[in-house]
Each structure stands twice: as structure tokens, then as C-alpha cells.
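Peer 1: Structure provided below as C-alpha cells; questions to follow.
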Amino acid sequence: MEAKETNQELGQDHESGEKLFTQDEVNSIVQKRVAREKDASNEDLEERERLLLERELKADCRDALSESGLSIEFLDLFNGETKEDVDTFVKRVKEITDSVKGSEDNRYIPHIPEVGSSVKGDPIKEAFKPPTVL
């Protein structure tokens, strides 16, 4: 009888072939499972928070672009992680677009004659003109 009690304390019952656990072992197993579930839910929560923050920043960036009179197509280029990044991004895009707009006024636009009009005294046209027979 003492051998059976000793085996039960070790977590084994030779008569039925099942392993028996002490209360401490059961508590330990349950605590490990709870900890694993908690870790998994924490990871899921952290991922959800990251995605939420990303969406909020994109919305803030869209609003800031619109308020600055810029196209929201620039939103695809934004990859910041803070609200300061949004402000810096919009400011930089504004500077670049303003400098491009300013350079458009100073660019060279060649004169293109209207269709059907002829230019008199064009030396190239004269050079390729067929010779006239007298």
C-alpha cells in the first residue's frame, strides 16, 4: 500500500497506467498556458495598436496635405512614425513643389509656328529647295 502512495506522489499510478499530477504540477502547467495565451494576446494587441497608429498618421498626413493645397497622391510617399514626421514631410513636399512651380516660369519655351504658316527667309528651307530650271 505504501508503494502505491509513493507512486501516486510521483505522479504515476501503475494499476491504470495513467500519470497523476500533484496540485503544484497542475498549477505550474496552468500558469504556463495562461502566460503563453497572455503573450499571444499582447503581441496581437501590439500589432493592432501599431496598425491603428499607422492609419491615424496617414489620416493626419492626408489632412495636412489637403490644408497645404497639395495633392493627396503624395501620401503614398509618407512613411513616418510620429506627428512630427507628418509636419516635416508636408513642409518638405511643399518646398519642393513650390520650387518646381517657380522654375516653370523661367523655363525656355520655343516658338512653334502655326500649322500652314510659312517662314520667309528660312535658310534651311532654301538649302533643300530643288533647283529651278531656266
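The values are calculated or read from the model by the stated rules, or taken from the named source; none is laboratory data. As the structure is a prediction and not an experimental result, all values here were calculated from the model. Don't worry about glycine lacking a Cβ; one is built from the backbone with ideal geometry, like all the others, and counts go over all protein chains shown.
Peer 1: Which pairs turn up if I take residues in region 71-83 that are closer than 12 Å to Leu57 by Cα and without any contact (Cβ under 8 Å) to a residue 24 or more places away in the chain and look for partners that are assigned to a helix (DSSP H, G or I) and of a type in the set (S, T, N, Q) with beta carbon separation below 9 Å, at least 6 apart in sequence or on another chain?
Peer 2: Within 9 Å, the pairs are Gly80/Thr88.
Here is a yes/no grid of residues against (1) surrounded by 10 or more Cβ atoms within 10 Å (Cβ to Cβ); (2) at pLDDT below 90:
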residue	(1), (2)
Asn7	yes, yes
Leu10	yes, yes
Asp13	yes, yes
Val26	yes, yes
Ala35	yes, yes
Asp60	yes, no
Ile112	no, yes
